[in-house]
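One structure below.
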Amino acid sequence: MKQLFKLIFVLIVGIANCAPFAHSQTSFKLTKKNGHYYTTANINGNVDVPVIVETGSHGMVLSHDLYNKILASGNLEEITLDKDATLKTDRAPRKIVKLLKGSVPVGDLTYNGRVYVVDSTDNYVILPVNLLKNESDTTAVLIRFDFKKNMLDFIRHADVRLDKMHTYTLVENDPMPVFQANMELSDALGHQLTMSGKFNFALGCGSPVFFFRNTMLPVLKKNKFKIQNSTDKSFNAVGKGIYAGYCKIGEKSNTGISIGITNQVWDTDELGCVGPSFFKNGTVILDSDNNLIYY
């Protein structure tokens, strides 16, 4: 019986010692579905809230019902809205019901920025993880996206060999991470171009690369690239695009990729978006303190 009590005591102590780690949340296991990364997070004290992990969002976005459930008790400052204000998303424009700003606890991290409450029935939060900070450990400033393990975590410089990685120059991080890089592009017919420009590192970009029409279409036409109709998985026409036999951005290259051209983004000088699949099963690390993206 003594041995039994001793075993129970050891188990209780072990569980107690492990409990803080179970509730600690500075890393997230990601699940990829329909071109987006999903996870769950403790948001404002509410556990296991479904989250779409983003870097291409103007702020935290959630439905009015979900806001009432998890954030209405928070200390957020409301911003006056224009009448009939809408928020563009990758699915459809959403009417903004309420716009706020402030800090929101996300696990052991803090989101600081705008919160868009929209007219929607979605039961998840769109979370721009590039705007999260680890305020309890100011040395863990690197955001690591491991696309092989589908993990997102906040790490210190000492945790990784950055000297073995290439870098992009980060020119903007709020609300979205935008980097500057040289691009080399060619198609199967021998048309080529080399140019420098800005790209949005977008987790929600399902393609390796996506171009913006106003900045890239004139350049592609000038260099005689063949502009083709692009289709979805059901072969429905969804826009224009090119087939790139070779695409190199910075020191990273891909061969044989289709690049869509969207007309949904006009008010920018960026060339387009670079998505996770451009880096295949690699790792990308965001270092906003030093204005770098490692890859």
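A few comments on the model shown:
- With the charge dipole of the chain set up from +1 on Lys and Arg Cβ and -1 on Asp and Glu Cβ about the Cα centre, the Cα lying farthest toward the positive end among the listed residues Pro128, Tyr246, Cys205 is that of Tyr246.
- Tilt relative to the chain, helix 2-23 - C-alpha long axis, 0 to 90 degrees, to 10: 40 degrees
- Pairwise FRET efficiency - Phe235 versus Asn150, Cβ, R0 = 25 Å, nearest 0.05: 0.30
- Fully extended contour minus Cα-Cα distance, from Ile227 to Asn46, at 0.36 nm per residue: 60.4 nm
- With contacts taken as Cα pairs under 8 Å and at least 6 residues apart, region 114-194 reaches a relative contact order of 18 percent.
- Relative contact order of the chain, defined on C-alpha pairs under 8 angstrom at six or more residues apart (%): 18 percent
- For the residues Asp287, Asp48, Asp122, a 1.4 Å probe over the protein chains yields an accessible-area ranking, largest first, of Asp48, Asp122, Asp287.
- Net +/- balance of residues flanking Asn130 in space, Cβ distance below 13 Å, scoring K and R +1, D and E -1: -3
- Degrees between helix 213-222 axis and first principal axis of the chain (Cα, 0 to 90, nearest 10): 40 degrees
- Going through [x] -0.51, -0.63, -1.05, -1.13; [y] -0.35, -0.45, -0.94, -1.09; [z] -0.41, -0.50, -0.97, -1.10, the figure that equals log10 I(q)/I(0) by the Debye sum over Cα atoms at q = 0.08, 0.09, 0.13, 0.14 Å⁻¹ as computed for the structure here is [z].
- Spatially proximal aspartates and glutamates relative to Lys221 (Cα-Cα < 17 Å; intrachain offsets below 8 disregarded): Glu184, Asp187
- Flagged links, alpha-carbon separation over 22 Å, of Lys29/Lys280; Lys164/Lys252; Lys32/Lys95; Lys149/Lys252; Lys149/Lys280; Lys33/Lys226: Lys32/Lys95; Lys33/Lys226
- Simple Cβ-charge dipole of the chain, Lys/Arg +1 and Asp/Glu -1, about Cα centre, in debye nearest 20: 920 debye
The values are calculated or read from the model by the stated rules, or taken from the named source; none is laboratory data. Worth saying up front: this structure is predicted, and the values here are computed from it rather than measured. Neighbour counts are summed over all protein chains in view; Cβ atoms, including those assigned to glycine, are modelled from backbone coordinates with ideal geometry. Protein only, heavy atoms only, side chains kept; ligands, DNA and RNA dropped before computing areas. Shrake-Rupley method; radii C 1.70, N 1.55, O 1.52, S 1.80 Å.
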